[in-house]
Amino acid sequence: MAINKVAVIGSGVMGSGIAAHVANAGVPVILLDIVAPGSQNRNVIAEQAIERMLKTDPAPLMHRDNARLITPGNLEDHLGLLADCDWIVEAVLEKLEVKHATYEKIEKARKPGSIVSSNTSTIPLKDLVGSLPERFQRDFLITHFFNPPRYMRLLEIVKGPNTRADAVAAIDEFCDVRLGKGVIHAKDTPGFIANRIGGMWIQSALQAAFDLGLTIEEADAAMGRPFGMPRTGIFGLLDLVGIDLTPQVAASMQRTLPKDDPYLRIYKDRPLIAKMIAEGFTGRKGKGGFYRLTKTAEGRVKESIDLQTGQYHASVEPALASIREKEPGALLKHEDRGGQYARRVLGLTLAYAAALVPEIADDVVAVDEAMRWGYTWRFGPFELIDRIGVDNVVALLRAGKIDVPPLLEKAAGKSFYRESNGQLEYLKVDGSYAPVKRRAGVLLLTDIKRRSKPVAKNGSASLWDVGDGVLCLEFHTKMNALDPDIMAMLMRGLDTVKKSNGAFKAMVVYNEAENFSAGANVGLGLFAANVALWPFIEEGEAQGQNAYKAVKYALFPVVSAPGGMALGGGCEILLHSAAVQAHAESYIGLVETGVGLVPGWGGCKELLTRQVTNTRRPGGPVPPLMQTFETIALAKVSRSAAEARDTLMLRREDGITMNRDRLLADAKAKALALVAGYQPPKPVILNLPGPTGAAALKLGITDLVHQGKATAYDAVVAEQLAAVLSGGDTDITQETTEDQLLALERRAFQALIRQPKTLARIEHMLDTGRPLRN
Ligand code: NAD
């Protein structure tokens, strides 16, 4: 059954986040809340929720316009709006009686066969609907989103004994494909999967820091990065989510967990935490938390709380030898406080996770995915056990007098995951292995790499046969910075398709790193500039221009499929591709001015061409020039793929994929759809205004310098950009070819890279990751 219209009841933190994300999927959504007592405007709560969405950072909406898909209303006047909704999500207060009253209202208004779900974190499904008519139970399930719904990938689905299988399937598919969530099926047990294990992790880390006398910096350093857990560590995480949540979670766990649950054994009330909450020190949303920033004469100082005295003091870098280790196994061997702490916290958490399969989830894969997607762990608990070694973990538990769960005993001498004939397998609870199955339609390069050899490979990039006649170019440098080896492999890829006699029909540019590409390897450029290797730099620029031109004019489609950052040269390849299939979370922009340069691989040329030939914008030679100039000079980066359409970095015809795991399959399909009758684009000839246009652009930047919004060197860079975009020494009656524009890019780029202030910007970017405003 199709989900074409959704309603969300409750417009608080979660309800508004879910409604925003449904709108991100392009689906209309009704957002209802109670009538605010004493307010003239009966919709004020839901309306204000929508206003907040537009102001919240990080933004719940992928594009401001998506807010128009959300219709606010209230639960007294607008229940009728539920009548044509296919899915109704309840996200009201976490109180059983409030939820029951809400279901009664929904039941009166909804159409037969519509699906109802609750976003509850703690109330078992049997309590939510056990007393309701079977008709309602059949259409009901739990859909547990994580906060914030746009960014947290996990969605836990819990069905009841009477839930219709087709209702579960419909929600599963909608949330996976349309909302892009990582859908995990959990059982109706307290905290489901992620919060159950996450709760133990947080509680054991909190208690152990008190018991073993660690500073919070030591605890956070020991538990964060070495194990691939969030860098905030536990105390930083509690500050972020709100310390007041701790006793609430504990109370719910105490209410719902079996009496012999290890969580209840380790839990202790800590007077310091009660005092912090009572006095408003609830974390970032309150007066401060375990950490706080205090303003002093010298600027802002980071302070942290002493767990023993409850007093704040200036934060001290932890100096333990253990936490300098990068490998989890090495850290765990240390005898200092850091090592002891990590053994205790990990021992309790990993043993807990192993003891809960299959009680809370069918297999270890679901648990690992839930922790990666819901708690942003880099490795799930069983992946972590494999990294440390099953036998080492068992020894660690025995030494720490922690019960060794049967599943770990079964895994002795083995691992939870293994590769067999190019197939990833996991250990089942019966001790045998089974293949890790991907969902229908999911295609991962990681899997292809397991079962095949690259068509070609060098240190920076590889070519893979991804099936159905599609060749995939994968970058694999640090941050996927583009270098001469990548350009060489790109050319090799184009050549491979061309000479394959039809065995390959198209190419996709895709990788599974966090970021598609952070742009050209400016470190290499800086090195060459410092030793005046100008020919190397000139060649590098020409190589990139030629490679991207070859992408554009290939006789077969090249489809680029970014996810995460696609900046500078990483954006320029998109601009030259026949089409783009972007992950919804793509951050696309030409950021070269930030390092004192202009786009030099055809980025100026392509964006300008798009603006000039864009029929949606009003005519005249100057507006498209202005638009391009502004986008590049301000180094604008889209905060989503949808936003990238505003700057024409993406075209209307380019595709957007919500689920990262479906990006390669979608990019492949897009490429194959273009194959029949494919014609490369015709070269565009532009009529550009020349010096008069450049002068107009310069006026704007001079103004900004006067207002103190741009530096004098920003103006130098912008002038070079203006010279490129206005077409150089030309006027509106003359024609400018693509090659002429490329030559102008080269001239501007080569002039700027010889400037000390540009080199200072590059150096600063490499050192700090931030632009220098010199
Ligand atoms: P919230 O307090 O931000 O929002 C609750 C909403 O319920 C408010 O908009 C409020 O006006 C509305 N409400 C109050 N009384 C009501 C009534 N009598 N009838 C109908 N609506 C009423 O809470 P939240 O954090 O958004 O939590 C909502 C649900 O999501 C809860 O079930 C919670 O357990 C769950 N949840 C929360 C998080 C989280 O991180 N906050 C994460 C996952 C799940």
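Odds and ends about this structure:
- Residue check: G544 meets all listed conditions (1) open to solvent by 10 Å² or more (accessible area, probe 1.4 Å); (2) more than 15 Å from M649 (Cβ to Cβ) but one, namely (1).
- Segment 578-615, residues that are under 19 Å from M565 (Cβ atoms), open to solvent by 10 Å² or more (accessible area, probe 1.4 Å) and in a loop (DSSP other than H, G, I, E, B): E585, V591, W601
- Residue check, V357 among the β-branched types (V, I, T), crowded, with 19+ Cβ neighbours inside 10 Å, touching a residue at least 12 places away in the same chain (Cβ under 8 Å) and part of a helix (DSSP H, G or I): no
- Candidate set from segment 71-85 (those that are more than 14 Å from the ligand (Cβ to nearest atom) and touching a strand residue (DSSP E or B) at 6+ places or on another chain (Cβ under 8 Å)); member that is farthest from H100 (Cα to Cα): T71
- Within segment 86-121, considering residues that are in contact with a helix residue (DSSP H, G or I) (Cβ under 7 Å, 6 or more places away or on another chain) and acidic (D, E), the one farthest from the ligand (Cβ to nearest atom): E107
- L699 passes every criterion in (1) assigned to a strand (DSSP E or B); (2) farther than 28 Å from A550 by Cβ; (3) of a type outside the set (D, E) apart from (1).
- Counted residues, segment 127-147 - those being within 16 Å of the ligand (Cβ to nearest atom), over 21 Å from A366 (Cα atoms) and crowded, with 18+ Cβ neighbours inside 10 Å: 3
- The residue that is most open to solvent (accessible area, probe 1.4 Å), counting only those in segment 22-38 that are within 12 Å of the ligand (Cβ to nearest atom) and free of Cβ contacts under 8 Å to residues at least 24 places away in the same chain, is P37.
- Residue in segment 56-70 that is nearest to the chain's Cα centre (by Cα), counting only those that are open to solvent by 20 Å² or more (accessible area, probe 1.4 Å) and away from the ligand (no atom under 16 Å from the Cβ): A59
- Considered as a group, the residues in segment 148-164 that are within 14 Å of the ligand (Cβ to nearest atom) and touching a Phe, Trp or Tyr at 6+ places or on another chain (Cβ under 8 Å) include one that is nearest to H100 (Cα to Cα), and that residue is V158.
- Single match in A250, A278 (criterion: more than 20 Å from L214 (Cβ to Cβ) and either modelled with pLDDT under 95 or within 32 Å of the chain's Cα centre (by Cα) (or both)): A250
- When segment 736-773 is filtered for residues that are at pLDDT below 95, part of a loop (DSSP other than H, G, I, E, B) and out of contact with any helix residue (DSSP H, G or I) (no Cβ under 8 Å at 6 or more places or on another chain), only G769 remains.
- Residue in segment 45-54 that is within 16 Å of the ligand (Cβ to nearest atom) and either touching a residue at least 40 places away in the same chain (Cβ under 8 Å) or assigned to a loop (DSSP other than H, G, I, E, B) (or both) present: no
- The set of residues in segment 641-670 being over 15 Å from the mean Cα position of the chain (by Cα) and over 13 Å from S560 (Cβ atoms) consists of E643, R645, D646, T647, L648, R652, E653, A665, A669.
- A search for C-beta distances below 7 Å between a residue of segment 240-256 that is closer than 20 Å to L293 by Cβ and any residue that is in a helix (DSSP H, G or I) and of a type outside the set (K, R), counting only pairs 6+ apart in sequence or on different chains, returns I243/I273; I243/M276; I243/I277; D244/I277.
- Qualifying residue in segment 657-668 (condition: polar (S, T, N, Q), in contact with a helix residue (DSSP H, G or I) (Cβ under 8 Å, 6 or more places away or on another chain) and under 30 Å from L772 (Cβ atoms)): no
- Those strands (runs of 3 or more DSSP E) of segment 66-138 in which 1 or more residues are within 27 Å of T256 (Cα to Cα) occupy 87-90, 115-118.
- The residue that is nearest to E104 (Cα to Cα), among those in segment 3-17 that are within 6 Å of the ligand (Cβ to nearest atom) and surrounded by fewer than 20 Cβ atoms within 10 Å (Cβ to Cβ), is G12.
- Filtered by the rule that a residue be under 26 Å from S315 (Cα atoms) and either away from the ligand (no atom under 16 Å from the Cβ) or open to solvent by less than 40 Å² (accessible area, probe 1.4 Å) (or both), segment 239-267 gives D239, G242, I243, D244, T246.
- Leading residue by the ranking (surrounded by the most Cβ atoms within 10 Å (Cβ to Cβ)) among those in segment 475-530 that are of a type in the set (K, R) and touching a residue at least 24 places away in the same chain (Cβ under 8 Å): K505
- Unique residue being farther than 30 Å from E474 by Cβ, in contact (Cβ under 8 Å) with a residue 12 or more places away in the chain, open to solvent by less than 70 Å² (accessible area, probe 1.4 Å) and hydrophobic (A, V, I, L, M, F, W, C) when the list is A671, A710, A718, A667: A718
The values are calculated or read from the model by the stated rules, or taken from the named source; none is laboratory data. What you see is a predicted model; the values in this text were computed from it and never measured. No Cβ is skipped: glycine too gets one built from the backbone with ideal geometry, and neighbour counts run over all protein chains shown. Heavy atoms of the whole protein, side chains included, go into the accessibility calculation; ligands, DNA and RNA do not. Shrake-Rupley method; radii C 1.70, N 1.55, O 1.52, S 1.80 Å.
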